[in-house]
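Please read the structure below before turning to the comments.
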Amino acid sequence: MGATASGEHHRFSWPEFSELPRKTVLADFHCVTKFSLMGNEWTGIPPSVLLDLAPPAPGVKHVLIWAEYGYSANIRINDFMAPDTLFAMELDGKTLSPERGYPLRIVVPHLYAWKSVKWVRGVEYMIDDRRGFWEERGYHNIADPWKEQRYSYQEEPGDGPP
Ligand SMILES: Nc1nc2c(c(=O)[nH]1)N[C@H]1C(S)=C(S)[C@@H](COP(=O)(O)O)O[C@H]1N2
Ligand SMILES: [Mo]
């Protein structure tokens, strides 16, 4: 949804979506409030596959990942397209459990874990930057754990919407 190249919303049924080509990524997980979980093996669909099927309009710089219960997270388009980002359906070779995001979650291992939205419902392409659930409540718009970008007061100009 949002700023697609065609201007149309693309919808995928679960059978359509789950037949897309999968890959597996080995990744650590960094929560802001908990210790990192190490070495999970996630299997799912790379965002590049979705970007090919539903191309964004020129000028799209961020996506909002939408979930059940109104949860959302803002992810920069280059973090979304990063090689370790995945729409995961399996963890360590097994279908995701409900607590871990069944049937679909995004994993963005190189960002703080609130960006790894569980129970994904949709992707909104954005030309104008807008905050997601935690970013609206004081968390960093970009969230690189190696730079310890936890809170929005740490943002530099251009990291988030004014
Ligand atoms: N839909 C949704 N996704 C979410 C959250 C949430 O509350 N709702 N919490 C986030 C946070 S803060 C963390 S630390 C991770 C936890 O993922 P886990 O349950 O697989 O460890 O999920 C993230 N994804
Ligand atoms: Mo978290």
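The values are calculated or read from the model by the stated rules, or taken from the named source; none is laboratory data. All figures in this text were calculated on a predicted structure; none of them were measured in a lab. Positions of Cβ are generated from backbone atoms using ideal geometry, with glycine treated the same way; all protein chains shown enter the neighbour counts. Just so you know, the surface numbers come from the protein's heavy atoms only, side chains and all, with ligands and any DNA or RNA stripped out. Shrake-Rupley method; radii C 1.70, N 1.55, O 1.52, S 1.80 Å.
Of all residues in the stretch 111-138, those satisfying the criterion of being in a loop (DSSP other than H, G, I, E, B), closer than 17 Å to residue 32 by Cβ and in contact (Cβ under 8 Å) with a residue 60 or more places away in the chain are 111, 116, 132. Within the stretch 109-128, the set of residues being touching a helix residue (DSSP H, G or I) at 6+ places or on another chain (Cβ under 8 Å), within 15 Å of ligand 2 (Cβ to nearest atom) and under 21 Å from residue 4 (Cβ atoms) is empty. Is it fair to say residue 99 is under 17 Å from residue 63 (Cα atoms), assigned to a helix (DSSP H, G or I) and modelled with pLDDT of 95 or more? Here the answer is no, as residue 99 does not meet what is asked. Condition check: of a type in the set (A, V, I, L, M), within 16 Å of ligand 1 (Cβ to nearest atom) and open to solvent by 20 Å² or more (accessible area, probe 1.4 Å). Does residue 64 satisfy that? Here the answer is no, as residue 64 does not meet what is asked.
When restricted to residues that are surrounded by 15 or more Cβ atoms within 10 Å (Cβ to Cβ) and not aliphatic (A, V, I, L, M), the stretch 19-31 contains 3. Of all residues in the stretch 113-133, those satisfying the criterion of being of a type in the set (Phe, Trp, Tyr) and either within 14 Å of residue 71 (Cβ to Cβ) or touching an Asp or Glu at 6+ places or on another chain (Cβ under 8 Å) (or both) are 114, 119, 133. Among the conditions (1) touching a helix residue (DSSP H, G or I) at 6+ places or on another chain (Cβ under 8 Å); (2) within 16 Å of ligand 2 (Cβ to nearest atom); (3) over 20 Å from residue 3 (Cα atoms), residue 73 misses just one, which is (3). With respect to residue 102, determine if the residue is touching a residue at least 12 places away in the same chain (Cβ under 8 Å), open to solvent by 60 Å² or more (accessible area, probe 1.4 Å) and of a type in the set (Ser, Thr, Tyr). In short, yes.
Only one residue in 70, 93, 158 is exposed (fewer than 15 other Cβ atoms within 10 Å of the Cβ) and without any contact (Cβ under 8 Å) to a residue 12 or more places away in the chain, so which one is that? Within the list 70, 93, 158, the selection yields 158. The residue list 57, 67 contains one member that is among the small types (Gly, Ala, Ser) and within 16 Å of ligand 2 (Cβ to nearest atom), which is 67. All conditions in (1) farther than 17 Å from residue 119 by Cβ; (2) open to solvent by less than 80 Å² (accessible area, probe 1.4 Å); (3) within 16 Å of ligand 2 (Cβ to nearest atom) hold for residue 34, with the sole exception of (2).
To keep it simple, each residue is scored yes or no on (1) touching a helix residue (DSSP H, G or I) at 6+ places or on another chain (Cβ under 9 Å); (2) free of Cβ contacts under 8 Å to residues at least 24 places away in the same chain.
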{"position": "3", "(1), (2)": "no, no"}
{"position": "11", "(1), (2)": "no, yes"}
{"position": "31", "(1), (2)": "yes, no"}
{"position": "65", "(1), (2)": "yes, no"}
